[in-house]
């Protein structure tokens, strides 16, 4: 099988090179980088790529406008837009012109592969649906010639993933055999049935919710324990389609990996505690010289670092497993202020200036107060560590549109652009971090997991040598969805 050809038209050359070498090439894709923006349109015509990854601003042009021109001349060409930050106007326009998917900086490797794979998988189906749609509206699909219908059904049926297509009125246009098996729907003719009459699973119905303003990617957990990723795509003049892929085995592998790490980490705590205890007793049984005391200090430092790593691993495992399910109404102003007060000693040692800007009438959220406190603490500690002495930190929050927006801002060294897509990955540390700054590389991963467990989102904006802003969005307690 010929490898799919992907064209990268990305302003950030470091990101473009990293995606090619570390993400797309290893996944089996052929990748061409647009080195000279002036040749972009020529390369599209000559290479005829299967998919394009395009920056929001490219060749000094608005990426959406460029994508709109491409889609007019290549209506079935999947285009994934890389945006600096989601906003309603941008996403609504992206959907209207037929963008395949949108990815927000910083992009993660797994998200890129999912977006690329699902866009390519949907391409054949979209081509067939558009061809049939050109012959009439969605209700006329049943009137196509038997030959065309058989070809269409054969293509969709052979897809191992579940495929569900609905019209703009949320009536079923098509469901393939795989999707029927997933929801145990048998062989009944379901064409033109209302979506809610066919499916009862709340997560699937939420994905098709017309109020969603961006391409939706979610997980659906079935009653029998199977887990599916569900990816929604808007099909112009047809409706919307969801493709479901079974990832149960991946979830099981991840669980086994987590169980192994937790078991090993737990078993290591006792011997490490014993080592540290005996090292501290050495001075009590005899006098030590300067060199011996230096060796003892190094042992203590190393054991403490390993112990911190193990504690973070166990903590992350607990958060990922969702053991802390006790939720209550949490008043964030008092929680954030008390968390910062607990870190005053660290802040004072580095002579840093901290500004807290949180309105007293900030709406409450529903969550676990211990984990929310840990989320704030990890972010502030992260800023304290990487901000220079006498630097400035700001913690601010506000309410907007039924959501709470929390930001932790520093004027530290920033995070290199090439590192930003991976900064929330486990054990990942920025390339500009020196060895004398301690850390396990798990703090931000724990933060991200806590945010997602509270149905929120987190991202960063960072400019090297100027500083970093971490932004968290959580639903208010009266807007929990």
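Brief remarks follow.
- Candidates 118, 12, filtered to the one that is more than 23 Å from residue 471 (Cβ to Cβ), at pLDDT below 85 and within 20 Å of the chain's Cα centre (by Cα): 118
- Pairs with Cβ under 7 Å, 6+ apart, first in the stretch 269-283 and free of Cβ contacts under 8 Å to residues at least 24 places away in the same chain, second assigned to a helix (DSSP H, G or I): 282/296
- Checking each residue in the stretch 170-212 for being out of contact with any strand residue (DSSP E or B) (no Cβ under 6 Å at 6 or more places or on another chain), without any contact (Cβ under 8 Å) to a residue 24 or more places away in the chain and more than 23 Å from residue 226 (Cα to Cα) picks out 188, 189, 211, 212.
- Number of the exception - residue 84 against (1) surrounded by fewer than 17 Cβ atoms within 10 Å (Cβ to Cβ); (2) farther than 18 Å from residue 4 by Cβ; (3) modelled with pLDDT of 85 or more: (3)
- Hits in the stretch 372-389 (condition: closer than 15 Å to residue 355 by Cα and either out of contact with any helix residue (DSSP H, G or I) (no Cβ under 9 Å at 6 or more places or on another chain) or not assigned by TED's automatic domain parsing to the domain that holds residue 466 (or both)): 383, 387
- Scope the stretch 393-416; condition out of contact with any strand residue (DSSP E or B) (no Cβ under 8 Å at 6 or more places or on another chain) and in a strand (DSSP E or B); matching residues: 400
Conditions tested, residue by residue: (1) part of a helix (DSSP H, G or I); (2) surrounded by 15 or more Cβ atoms within 10 Å (Cβ to Cβ); (3) modelled with pLDDT of 80 or more.
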{"position": "229", "(1), (2), (3)": "no, yes, yes"}
{"position": "244", "(1), (2), (3)": "no, yes, yes"}
{"position": "257", "(1), (2), (3)": "yes, no, no"}
{"position": "262", "(1), (2), (3)": "yes, yes, no"}
{"position": "271", "(1), (2), (3)": "yes, no, yes"}
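- Criterion: within 20 Å of residue 117 (Cβ to Cβ) and either without any contact (Cβ under 8 Å) to a residue 24 or more places away in the chain or in contact with a helix residue (DSSP H, G or I) (Cβ under 8 Å, 6 or more places away or on another chain) (or both) - qualifying residue of 64, 70, 90, 77: 77
- Residues of the stretch 424-450 that are modelled with pLDDT of 85 or more and either surrounded by fewer than 15 Cβ atoms within 10 Å (Cβ to Cβ) or in contact with a strand residue (DSSP E or B) (Cβ under 7 Å, 6 or more places away or on another chain) (or both): 447, 448.
- Within the stretch 453-481, if we keep just the residues that are closer than 23 Å to residue 401 by Cα and assigned to a loop (DSSP other than H, G, I, E, B), the residue that is modelled with the lowest pLDDT turns out to be 481.
- Identification of strands (runs of 3 or more DSSP E) wholly contained in the stretch 304-392 with 2 or more residues that are touching a residue at least 60 places away in the same chain (Cβ under 8 Å) and crowded, with 18+ Cβ neighbours inside 10 Å yields 365-367.
- Filter result for residue 450 (assigned to a loop (DSSP other than H, G, I, E, B) and within 22 Å of the chain's Cα centre (by Cα)): no
- Condition check for residue 37: surrounded by 16 or more Cβ atoms within 10 Å (Cβ to Cβ), assigned by TED's automatic domain parsing to the domain that holds residue 71 and in contact with a strand residue (DSSP E or B) (Cβ under 8 Å, 6 or more places away or on another chain): no
- Count of residues meeting criterion [under 20 Å from the mean Cα position of the chain (by Cα) and at pLDDT below 90] in the stretch 374-414: 2
- Counting only strands (runs of 3 or more DSSP E) that fall entirely inside the stretch 6-105 and contain at least 2 residues that are closer than 24 Å to residue 236 by Cα, the qualifying elements are 51-55, 79-83, 101-104.
The values are calculated or read from the model by the stated rules, or taken from the named source; none is laboratory data. Quick caveat: nothing in here was measured; it's all calculated off a predicted structure. Heads up, the Cβs are rebuilt from the backbone with ideal geometry, glycines too, and the neighbour counts pull from every protein chain shown.
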